[in-house]
């Protein structure tokens, strides 16, 4: 893993501050209770809609946001578009029963660092939270399938591409939701050079969208991929 963002954190140090954005009271309570029982996380804010989440995020500056995609009067897209500015934006885990191609594409393309479908077992939710807390990307198996469908290509076709070390570094940062400016700062190159590397990656792999590139980065082991094994008990309620 490359240099850490200023908002990246590590489980095991001070508890990671979390905001829960969830409109369903039962799921909201389960998530809050689960996180409250963990010494690695502390819930600093809870919201039921995007507007409330934006206000509370600005006030409490959570490090991780657990975001339901389907909210009153819209989706989590509003929070992603308006709540990830500033020097230390939160890392967002979308936790939702909605895993349509459109939802996954919009979430990953607008800065979400993880996507986990509900219902999910507690161990997988905890693993997703640890991944985000450690500055990594987490996609569940079901979401990875959605991204793969969107790629419109077989896996071997993209895997045949040979990327340079610098292109791999750019791909990793793209998959983690970094902007071209952020990638330039991390790698010590200009925004224009970042764009050139991204164009070469697209040309070599045939993949152009953020969702497609994210899945390719997972396949190459640049970021955390989905968890294949599921437990049959200890599930969080679905929506």
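In this calculation the C-beta distance from residue 73 to residue 202 is compared with R0 = 41 Å, giving a FRET efficiency of 0.70. Label segment 16-148 by shape, choosing from rounded, prolate and oblate, from the square roots a ≥ b ≥ c of the eigenvalues of the Cα gyration tensor; if a/c is under 1.5 it is rounded, and otherwise prolate applies when a/b is larger than b/c, oblate when it is not. Judged from the Cα gyration tensor, segment 16-148 comes out rounded (a/c under 1.5).
Distance between the pseudo-spin-label points of residue 101 and residue 37 (7 Å out from Cα toward the beta carbon): 3.9 nm.
What full-extension length gain, to one decimal in nm, is calculated for residue 192 and residue 168 as 0.36 nm per residue of separation minus the Cα-Cα distance?
Values: separation 24, 0.36 × 24 = 8.64 nm, distance 1.68 nm.
Length gained between residue 192 and residue 168: 7.0 nm.
Shown is the FRET efficiency for residue 25 and residue 109, computed with R0 = 30 Å from the Cβ-Cβ distance and rounded to the nearest 0.05: 0.50.
In what sequence, highest mean first, do 139-145, 217-223 appear when ranked by Cβ atoms within 10 angstrom? Can you show the working numbers first?
Numbers: 139-145: 20.7, 217-223: 18.4.
Ranked by mean Cβ neighbours within 10 Å, highest first: 139-145, 217-223.
Take the Cα of residue 59, step 7 Å toward its Cβ, do the same at residue 142, and the gap between the two points is 3.3 nm.
Where the centroid of each part is defined by its Cα atoms, how far is segment 21-48 from segment 70-107 in Å? Using only Cα atoms, the two centres lie 17 Å from each other.
Laboratory data are not the source of any read-out in this text; all were calculated from the coordinates shown. Owing to the predicted nature of the structure, the values given are computational and were not obtained by experimental measurement. Reconstructed Cβ throughout: ideal geometry from the backbone, glycine too, with neighbour counts over all protein chains shown.
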